[in-house]
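Have a look at the structure below, then the notes.
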Amino acid sequence: MRIVVLGSGKIARLHASALAADPRVTWLGIGSSRAEWGRDAAAQAGADAVGTVTEMLAASPDAVVIASATARHAQDIRASLGLRVPLFCEKPIAGTLEDAEALVEEAERAGVPLQVGFDRRFDPDLMRLRAAIAGGELGALQSVTLTSHDRDPPSEAFAAVSGSMFLDLHIHDFDLARWLTGEEAADVVTVSARRGPCEFLDALGDVDTTATVLRMSDGLPVTIRGSRQDTAGYLMRAEVVGGVGSITIGDERYADYRERFHDALVAQMSAFLDLVAGGRPNPCPGRECLAAMRIAIAAECSHRQRRVVRMIEAGG
């Protein structure tokens, strides 16, 4: 397979390295708007070619992996759709829900598979937890608690384009709430603030500390806690309590998300290649991103207006 990766940052390099190590990939290209970064990323991954986004999309790839900056996702998806090849895009696929909805519809009309980068769905521990829930091993669920802490706070440059803590960090937790329980969110309430040292977040209207509760469609409460800075290390913890048992995973600390979810990220790229080869259905279609984005929008609305927000208000 001939694969192009768009982007040259941390996650693009990780995806490129995973693809280069897969024997099904016979040619790998890196497309970047930053020439020096692109050359460095290509050398690090052992890519076969590097150039601008336009040059790499003209290289007749069999699939495109979009791992550029969040603000570029929408334009890179649109630039790639004309190739009529499978696309993978990191979350979120666009900066606004309206644009994301339009992109998903454009991909569907074009018959182009669009897989979204919710890598936690490929984490072995979380997969086993989901199987235990689905298999009834815990009995009727009583509560779910998800905790996500970054070790280091974001830079001002990143925070300015990431879309907010809800859309960047917690979109994974909002997806997990649906994926683990099999239920949709009915309403959302959140209490959030800027408690750390990043004063620039105030001007952006962003926060670094959150406590959110989702009431799922069956009444189940899902509590999501987050922090942009935890000096003890990166943490992603899940606690599920049921009528006949409970499971907790993820008490370990890591340097960052790439260390914690390395195996999941590699498995995610392998699953995408399966999709490209026609060997499996799309494990995470674009509409899954839309559902998580709607929850993120509702959570941010709840934070700003200090009230419970019904998902119907966010288009859910």
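Read-outs throughout are calculated quantities, based only on the coordinates presented, and are distinct from any laboratory measurement. These numbers were taken from a predicted model, which means no experiment stands behind them. Cβ placement follows ideal geometry from the backbone for every residue including glycine, while neighbour counts extend to all protein chains displayed.
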Of V207, V161, V65, which is the most mobile in a GNM of the chain whose springs link Cα atoms less than 10 angstrom apart?
V161
What's the FRET efficiency of I247 with E98 using the Cβ-Cβ distance as r and R₀ = 30 Å, to the nearest 0.05?
0.20
Report the antiparallel proportion of the DSSP beta bridges in the chain as a percent, rounded to a multiple of 5.
55
Can you sort L87, L220 by how many other beta carbons sit within 10 Å, fewest first?
L220, L87
Stretchable slack from R34 to Q75, in nm (0.36 nm times residue separation minus alpha-carbon distance):
13.2 nm
Under the Karplus relation with 6.51, -1.76 and 1.60 and θ = phi - 60°, whole-Hz ³J(HN,Hα) for the range 151-163, x at Gly and Pro, equal 6, 10, x, x, 6, 4, 5, 5, 4, 5, 10, 7, x
Let me spell out the model: positive unit charges on the Cβ of Lys and Arg, negative unit charges on the Cβ of Asp and Glu, origin at the Cα centre of the chain. What dipole size does that give, in debye rounded to 20?
120
With each run of n ≥ 4 DSSP H residues scored as -39500 (n - 2.57), what mean residue ellipticity at 222 nm is computed for the chain after dividing by its residue count and rounding to the nearest 500 deg cm²/dmol?
-11500 deg cm²/dmol
Kirkwood Rh and Cα Rg combined as Rg over Rh, evaluated for the range 2-112
0.96
The extension gain from S217 to A131, computed as 0.36 nm times the residue separation minus the Cα-Cα distance, is 29.0 nm
For D187, D208, D202, D48, ascending order of other Cβ atoms within 10 Å (fewest first) is D202, D48, D187, D208
Where Rh is the Kirkwood radius over the Cα pairs of the range 253-316, the temperature 25 °C and the viscosity 0.890 mPa s, what D in µm²/s does Stokes-Einstein return?
169
Hey, what's the Kirkwood Rh for the range 1-65 if you take every pair of different alpha carbons, in angstrom?
11.0
Taking only C-alpha pairs under 8 Å that are 6+ residues apart, what is the relative contact order of the range 254-316 in percent?
21
Rounded to the nearest 0.05, what FRET efficiency do R306 and D152 give with R0 = 30 Å and r taken as the Cβ-Cβ distance? Could you check?
0.55
Top mean-square fluctuation among M127, M293, M236, Gaussian network model of the chain, C-alpha springs under 10 Å?
M127
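May I ask you to derive the relative contact order of the chain, considering only C-alpha pairs under 8 Å and at least 6 residues apart, and to give it as an integer percent?
After rounding, I find 19 percent.
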Under the Karplus relation with 6.51, -1.76 and 1.60 and θ = phi - 60°, whole-Hz ³J(HN,Hα) for the range 188-205, x at Gly and Pro, equal 9, 9, 9, 10, 9, 7, 9, 10, x, x, 7, 5, 4, 5, 4, 5, 7, x
